[in-house]
1. Yes or no: residue 151 open to solvent by 70 Å² or more (accessible area, probe 1.4 Å), closer than 19 Å to residue 86 by Cβ, at pLDDT 95 or above and within 15 Å of the ligand (Cβ to nearest atom)?
2. Taking residue 239 as meeting all but one of (1) polar (S, T, N, Q); (2) modelled with pLDDT of 80 or more; (3) not in a helix (DSSP H, G or I), write down the number of the exception.
3. Please state which of the following conditions residue 176 fails to meet, knowing it meets all the rest: (1) open to solvent by 20 Å² or more (accessible area, probe 1.4 Å); (2) assigned to a helix (DSSP H, G or I); (3) within 15 Å of the ligand (Cβ to nearest atom); (4) β-branched (Val, Ile, Thr).
4. Assuming residue 136 fulfils every condition listed in (1) within 13 Å of residue 84 (Cβ to Cβ); (2) buried (at least 17 other Cβ atoms within 10 Å of the Cβ); (3) aliphatic (A, V, I, L, M) apart from one, which condition is it?
5. Taking the condition of being open to solvent by less than 80 Å² (accessible area, probe 1.4 Å), of a type outside the set (Phe, Trp, Tyr) and either over 20 Å from residue 111 (Cβ atoms) or in a helix (DSSP H, G or I) (or both), how many residues in the range 7-53 meet it?
6. Any chance the range 54-65 includes a residue that's within 22 Å of the chain's Cα centre (by Cα), open to solvent by 40 Å² or more (accessible area, probe 1.4 Å) and among the polar types (S, T, N, Q)?
7. Among (1) open to solvent by 60 Å² or more (accessible area, probe 1.4 Å); (2) under 30 Å from residue 137 (Cβ atoms); (3) in a helix (DSSP H, G or I), which single condition is residue 4 missing?
8. Considering the range 137-162 alone, what residues qualify as being part of a loop (DSSP other than H, G, I, E, B), more than 25 Å from residue 103 (Cα to Cα) and of a type in the set (A, V, I, L, M, F, W, C)?
Amino acid sequence: MCIRDRDIAKLFNEKFGTPLDATPEQLTQKARELLREKYLKADIGISGGNFLIADTGSIALTENEGNARLCTTFPKIHIAIVGIEKIIPSMTDLDLFWPLLASHGTGQNLTVYNTILSGPRQTGETDGPEEMYVILLDNGRTNLLAQKEQRQGLYCIRCGACLNACPVYKNIGGHTYNTTYSGPIGSIITPHLKGMKDFKHLSYASSLCGKCSEVCPVKIDIHKMLLLNRRDAAAQHDNTKSEDMGWKVWKAGMQKRSRMDMIGGKLKNFFLKFLFKKVWGKYRSMPEIAPKSFSKQWEERNKEQK
Ligand code: SF4
């Protein structure tokens, strides 16, 4: 049993009294017992939708667990809340999009359960809800559509490949972004969905290595979008005074080596701690700047050798 399985077994033991050494199969069986009952009794099931199919008016769902099928078929009413950017022209486009999503999301040729829902249960049918509603969600998406250069963020099929490739996301994890969509794609669309002023900092949470753009199956130029967001934030004067001041000092320092070396490592470490003491978190240690910069050491070494 791996560590994660043991953790889950411990949690199930605490909450539901299953044995501490329960196997994954036994835990799955227990979860099924507990959840089936809830699905059977629920009046309303709420789902999202991976795609909206324009020519048939259907929603397409793709999943590995089968929980979306339970929630869309057992309760009396099914409500699907789907972002407007999920519309694809025709049923035949799924031929491309389903395998694209599966292979870039989880490395499968095709996800296990794929469902197309075109309405509630019809006369003579045994399964399905009595009523079905599709809510088209804008929630800032038309703001993004209005941005000619950045609207390609709406191409996203939510495969998550850019998250798995991103060195920043891999280290800090999804919760740190504090947004619905995390990782590189979250960083480029959230400032437009929720406001540049409060979310522009996400566009700076990147080393601009370009790995995200490289792996994106729909070819969103993600790292360029990050730069465009930074440009827009600066142009809209959404930076606070202290940020502007910080960038000015940084720019002045970076333009001349001698300026960078004017203050030693000790002082640099002090400023680093002072500036980031609130945001760094108490469980992470600050990076330590060497007492002497590389160029200083190089200079001294060359002098010694002469
Ligand atoms: S931006 Fe591209 S790689 Fe990232 S989740 Fe969307 S489709 Fe996948």
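1. Numbers: open to solvent by 70 Å² or more (accessible area, probe 1.4 Å): yes; closer than 19 Å to residue 86 by Cβ: yes; at pLDDT 95 or above: yes; within 15 Å of the ligand (Cβ to nearest atom): yes.
The answer is yes for residue 151.
2. Failed condition: (2).
3. Single failed check for residue 176: (3).
4. Checking residue 136 against (1) within 13 Å of residue 84 (Cβ to Cβ); (2) buried (at least 17 other Cβ atoms within 10 Å of the Cβ); (3) aliphatic (A, V, I, L, M), the one that fails is (2).
5. Result for the range 7-53: 14.
6. Going through the range 54-65, the residues within 22 Å of the chain's Cα centre (by Cα) turn out to be 60-65.
When the remaining residues are screened for being open to solvent by 40 Å² or more (accessible area, probe 1.4 Å), the result is 64-65.
Restricting the remaining residues to those that are among the polar types (S, T, N, Q) gives 64.
Checked the range 54-65: at least one residue is within 22 Å of the chain's Cα centre (by Cα), open to solvent by 40 Å² or more (accessible area, probe 1.4 Å) and among the polar types (S, T, N, Q).
7. Failed condition: (2).
8. Listed by number, the list holds a single entry, 146.
The values are calculated or read from the model by the stated rules, or taken from the named source; none is laboratory data. Just so it is clear, the structure is predicted and the values come from calculations on it, not from any experiment. Note that each Cβ is placed from the backbone with ideal geometry, even for glycine, and that neighbours are counted across all protein chains shown. Ligands, DNA and RNA are excluded from the accessible area calculation, which covers all protein heavy atoms including side chains. Shrake-Rupley method; radii C 1.70, N 1.55, O 1.52, S 1.80 Å.
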